[in-house]
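In what follows, a structure is listed as structure tokens, so that the remarks can point back to it.
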Amino acid sequence: MKYVDEYRDPRLARELVRYIRRRSTRPWPVMEICGGQTHTLIRYGIDQLLEGAVTLIHGPGCPVCVTPLEKIDRALAIARRQEVIFTTFGDMMRVPGSETDLLSAKARGADVRMVYSPLDALELARKHPERQVVFFAVGFETTAPANAMAVWMAHQEGVKNFSVLVSHVLVPPAIQALMEDPETEIKGFIAPGHVCTVMGYQEYETLAQSYRIPFVVAGFEPLDLLQGLAMLVDLLEEGRVEVQNQYTRSVCREGNPHARAIVEEVFEVADMTWRGIGPIPKSGLCLRERYRTFDAEFRFEVATISREESSVCIAGEILQGKKKPVDCPAFGRECSPEHPLGAPMVSSEGACAAYYAFRRLQEAEA
Amino acid sequence: MCLGVPGKVVEVSNNALGLPQGKVQFGGVVKEVNFCYTPDVQVGDYVVVHVGFAISKIDEREAQRVFDFLQRMGDLEGLDMPEESQ
Ligand code: SF4
């Protein structure tokens, strides 16, 4: 496939690895924020190829993993209602709530359906005017324009039986929270290419200056990440505090103005709790007042459901890059993708699931 | 979750609300895609698609830059060689 295969060329990848290893004078601790990037790094063993030159710390960048427990419980409470068709992206189906998950609720008769796009959920609402169609609007800045558009279209068309359960998180406030931690070892960041495709990277320039730390915006293929890391190591070795853009084929500094405008129209910034991490001020999105009627938490009066998290799972430390999945005593034992105890084991972009899929395989082959 | 897949635009039209939409081909698969965020796309362009929306038009010239970078790096390595063998 064009724009995919050529970015997986093993010969060029080897050259980049050689370059980074030669250029680096110490194992620079750097974080990739985005779970999609974690997935590529682990899948291709890039973290291992760079051992000693770069220490990759996996960040909290999987919206599925950080969706708070109480949102899952609210989703379940809504999904169980007779009149509701509850729609969601596939990876939310198996995220454990405090007692069960959406897939199990479906097995017990709830009408839960997987959709590819929020527009598919809106289409279901048009087709079933007698039912209430709810979409679980989860995501980072990348997904916010799509979810905003579904709400905006429903509003324009007067679709009354459509609503969204919003659990949107923002990347820059999370970086800020990580950098405010006095124990942090992070010296540089790989910034998320698709979040920046939508939002641009001006916010990261502010962060770079406040925390004196370089950023490279990178794509998702192995060569993208290796080139991004090469650029980041160059910056670190030269002591330069800058934001550079490796993913120029998709990202420009201002982002996508059309996408940003609809997000601004429909959503506003709100405080948000991240599963495993806790509350981070101004780190999420909620619907603006004029779109409140589309808010499923109000429509179904579930906003009061609140939950404490269990203590077995060390997802919090993993999502903050303080521990690796293999440090968790439950990893691969009580906790596996078939029986996930925590969210990072559910989504294929969760760090625990990526380690489970690829590290165990490697160990078996070795 | 933030998966964005590059594909080739094969059809551009407008939906009932007058919003730009069309079809994008990914390898052998063709999907309906909303072009609200890339209103200037044309058939033959490549776009990055996320949950049914094109979020960017791929810049062909910029796409080449990774390989230019590698080329330059290769040239530099060439210069490094004699030093190493000393
Ligand atoms: S392995 Fe399972 S229990 Fe351990 S941190 Fe990961 S998700 Fe939580």
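The values are calculated or read from the model by the stated rules, or taken from the named source; none is laboratory data. As the structure is a computational prediction, the values presented were derived from the model and not from experiment. Ideal geometry is used to build each Cβ from the backbone, glycine not excepted, and the neighbour counts take in all protein chains shown.
Worth a mention:
- Matching option when the condition is touching a strand residue (DSSP E or B) at 6+ places or on another chain (Cβ under 8 Å) and more than 27 Å from A:I318 (Cα to Cα), among A:R240, A:R288, A:R292: A:R288
- Check on A:Q209, in contact with an Asp or Glu (Cβ under 8 Å, 6 or more places away or on another chain) and surrounded by fewer than 23 Cβ atoms within 10 Å (Cβ to Cβ): no
- In region A:315-338, residue nearest to A:P182 (Cα to Cα) [restricted to those that are assigned to a loop (DSSP other than H, G, I, E, B) and within 9 Å of the ligand (Cβ to nearest atom)]: A:K323
- Cβ-Cβ distances below 7 Å connect the following pairs, each with a first residue in region A:23-44 that is free of Cβ contacts under 8 Å to residues at least 60 places away in the same chain, a second residue that is assigned to a strand (DSSP E or B), and a separation of six or more residues or different chains: A:P27/A:V54; A:P27/A:T55.
- In the set (1) surrounded by fewer than 24 Cβ atoms within 10 Å (Cβ to Cβ); (2) modelled with pLDDT of 95 or more; (3) over 24 Å from A:E301 (Cβ atoms), the condition left unmet by A:H155 is number (3).
- Residues that are touching a residue at least 12 places away in the same chain (Cβ under 8 Å) and assigned to a loop (DSSP other than H, G, I, E, B) were ranked within region A:138-159; the one that is farthest from the other protein chains (Cβ to nearest Cβ) is A:V159.
- Of the residues making up region A:8-54, just one is surrounded by fewer than 18 Cβ atoms within 10 Å (Cβ to Cβ) and part of a strand (DSSP E or B), namely A:P29.
- Within region B:14-26, considering residues that are surrounded by fewer than 19 Cβ atoms within 10 Å (Cβ to Cβ) and in contact with a Phe, Trp or Tyr (Cβ under 9 Å, 6 or more places away or on another chain), the one nearest to the other protein chains (Cβ to nearest Cβ): B:L19
Per-residue answers, yes or no, for (1) under 16 Å from the mean Cα position of the chain (by Cα); (2) within 14 Å of chain B (Cβ to nearest Cβ); (3) part of a loop (DSSP other than H, G, I, E, B):
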site	(1), (2), (3)
A:E185	no, no, yes
A:A191	yes, yes, no
A:H194	yes, yes, no
A:T197	yes, yes, no
A:E205	no, no, no
A:V216	no, yes, no
A:Q227	no, yes, no
A:G239	no, no, yes
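- Out of A:E264, A:E301, A:E308, one residue alone is charged (D, E, K, R) and modelled with pLDDT under 85. It is A:E308.
- Filtered residues of region A:101-137 (kept if assigned to a helix (DSSP H, G or I), within 14 Å of chain B (Cβ to nearest Cβ) and among the aliphatic types (A, V, I, L, M)): A:L119, A:A121, A:L122, A:L124
- Among the residues of region A:165-178, not a single one is within 22 Å of A:R8 (Cβ to Cβ), outside any helix (DSSP H, G or I) and touching a residue at least 12 places away in the same chain (Cβ under 8 Å).
- One residue from A:E289, A:E264 being within 14 Å of another protein chain (Cβ to nearest Cβ) and among the acidic types (D, E): A:E264
- The set of residues from region A:339-358 being within 6 Å of the ligand (Cβ to nearest atom) and within 13 Å of chain B (Cβ to nearest Cβ) comprises just one member, A:P344.
- Filter result for A:Q209 (within 20 Å of the chain's Cα centre (by Cα) and part of a helix (DSSP H, G or I)): no
- All of B:V33, B:V29, B:V41, B:V51 fail the test of being away from chain A (no Cβ under 11 Å) and at pLDDT 90 or above, apart from B:V41.
- Residue within region A:273-283 that is within 13 Å of the ligand (Cβ to nearest atom), part of a helix (DSSP H, G or I), away from chain B (no Cβ under 14 Å) and in contact (Cβ under 8 Å) with a residue 40 or more places away in the chain present: no
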